[in-house]
Amino acid sequence: MISQDTETPASLDDVKGWFPKVDQLLFTWFLERQERREQHGDLVELGSYLGKSAILMGRHLREGETFTVCDLFDSDAPDDSNQAEMNGSYATLTRRAFESNYRAFHERLPEIVQGPTSLILDHVEPETSRFVHVDASHLYEHVRGDIQAAHVMLPSGGVIVCDDYRSEHTPGVSAAVWEAVAVDGLRPICVTTQKLYGTWGDSGAVQDELLEWLQGQDDVWHEVQQVAGRPLIRAKGKAKAAAKPNDAAKLKKRLAEAEKRLARADDRLARAQHELDSVRNSASFRLGRAATALPRVLRGK
Ligand SMILES: C[S@@+](CC[C@H](N)C(=O)[O-])C[C@H]1O[C@@H](n2cnc3c(N)ncnc32)[C@H](O)[C@@H]1O
């Protein structure tokens, strides 16, 4: 990861943020599926930080569609608790840094709403979006409002992705997400370590296709669980093959250490052999051996 203030990112890996590889794969899968099915509509991200997920989403924007991102960036939060989150986690964030990262990958910037996500419905019409990423405040009251806004922006087949739905430090997000499932009809499609993917439309058809795709993915583990009478897919990135050279390096180091210990033992053995030979060749040793070899009578016994 590079310092965002000084360098232009060359790849998504160079952009600072919170967007695991498995979620990059799933975003791509969901957005490409919409493309294949010629499902048109706008893209919305609530909470963009330095643009890591926005840059990937922007790759799937088609002619005539709008991508809207909403973030406070370097402006004030609407309440003290939200401001505390901003000071704690995003103190150095600026809109300029987001724009500069985004421009490194795309010619045109998205529509930027700089302000609280509670304003999003002033900028996005109901049922015009096909994909909404909810990744802004972690406070229950805010996330609840963001999910309700997503419900308004998405037509029934649209996809919502909620970040941090289960992290230890974000119980407010968990409460808001599962409330939407239990009370507001949100149907979870799949979950990863960090994100929950859902729809207010038919979750079964998309799950069948997703499972088919997951079966061919060597680097993504998955299983299906039943949750409240419905299937829910769990997907998780597998440890990367890049870990193997590390293991090989460790084994090589252990082998080299063992070889050194063997060489030291050989050395000690050679020295002991040498000392033994010198004792055997000494005059007193040979005299002693000769004396013990004399018959008893001669030795006076
Ligand atoms: C976890 S970060 C987003 C990460 C980003 N999606 C990525 O992939 O790296 C959360 C973002 O939400 C923004 N944020 C926090 N509270 C907000 C609010 N009430 N309204 C708008 N944006 C908010 C923060 O400025 C921060 O950039």
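Quick notes on this one:
- Assessment of segment 277-294 against the conditions (out of contact with any helix residue (DSSP H, G or I) (no Cβ under 8 Å at 6 or more places or on another chain), at pLDDT 85 or above and not charged (D, E, K, R)) yields at least one matching residue.
- Flag if ARG108 is assigned to a loop (DSSP other than H, G, I, E, B), modelled with pLDDT of 95 or more and either outside the structural domain of ASP219 (by TED's automatic domain parsing) or of a type in the set (D, E, K, R) (or both): yes
- Residues in segment 111-127 that are open to solvent by 40 Å² or more (accessible area, probe 1.4 Å), touching a Ser or Thr at 6+ places or on another chain (Cβ under 8 Å) and part of a loop (DSSP other than H, G, I, E, B): HIS123 alone.
- Pairs where the first residue, in segment 157-185, is farther than 9 Å from TYR140 by Cα and assigned to a helix (DSSP H, G or I) and the second is within 16 Å of the ligand (Cβ to nearest atom) and among the polar types (S, T, N, Q), C-beta under 9 Å, 6+ apart: ALA180/GLN148
- For segment 64-86, the tally of residues that are touching a residue at least 60 places away in the same chain (Cβ under 8 Å) and assigned to a strand (DSSP E or B) stands at 2.
- Looking only at residues in segment 72-103 that are within 19 Å of LEU43 (Cβ to Cβ) and open to solvent by less than 60 Å² (accessible area, probe 1.4 Å), the one that is nearest to the ligand (Cβ to nearest atom) is PHE73.
- Members of segment 186-201 that are among the aliphatic types (A, V, I, L, M) and part of a strand (DSSP E or B): ILE189, VAL191, LEU196
- Near pairs, Cβ below 6 angstrom, 6+ apart or cross-chain, from segment 87-105 (among the hydroxyl-bearing types (Ser, Thr, Tyr)) to any residue that is more than 11 Å from the ligand (Cβ to nearest atom) and part of a loop (DSSP other than H, G, I, E, B): TYR102/LEU109
- The requirement of being under 18 Å from GLU45 (Cβ atoms), within 24 Å of the chain's Cα centre (by Cα) and within 13 Å of the ligand (Cβ to nearest atom) is fulfilled nowhere in segment 111-129; no residue meets it.
- Filtered by the rule that a residue be of a type in the set (D, E, K, R) and more than 13 Å from the ligand (Cβ to nearest atom), segment 12-71 gives GLU32, ARG33, GLU35, ARG36, ARG37, GLU38, ASP42, ARG59, ARG62, GLU63, GLU65.
- Residue within segment 11-20 that is of a type in the set (Ser, Thr, Tyr), at negative phi, crowded, with 20+ Cβ neighbours inside 10 Å and in a loop (DSSP other than H, G, I, E, B) present: no
The values are calculated or read from the model by the stated rules, or taken from the named source; none is laboratory data. Please read these numbers as outputs of a predicted model, since none were measured by experiment. Glycine gets a Cβ as well: all are built from the backbone with ideal geometry, and neighbour counts include every protein chain shown. Quick note on the areas: whole protein, heavy atoms, side chains included, nothing else; ligands and nucleic acids left out. Shrake-Rupley method; radii C 1.70, N 1.55, O 1.52, S 1.80 Å.
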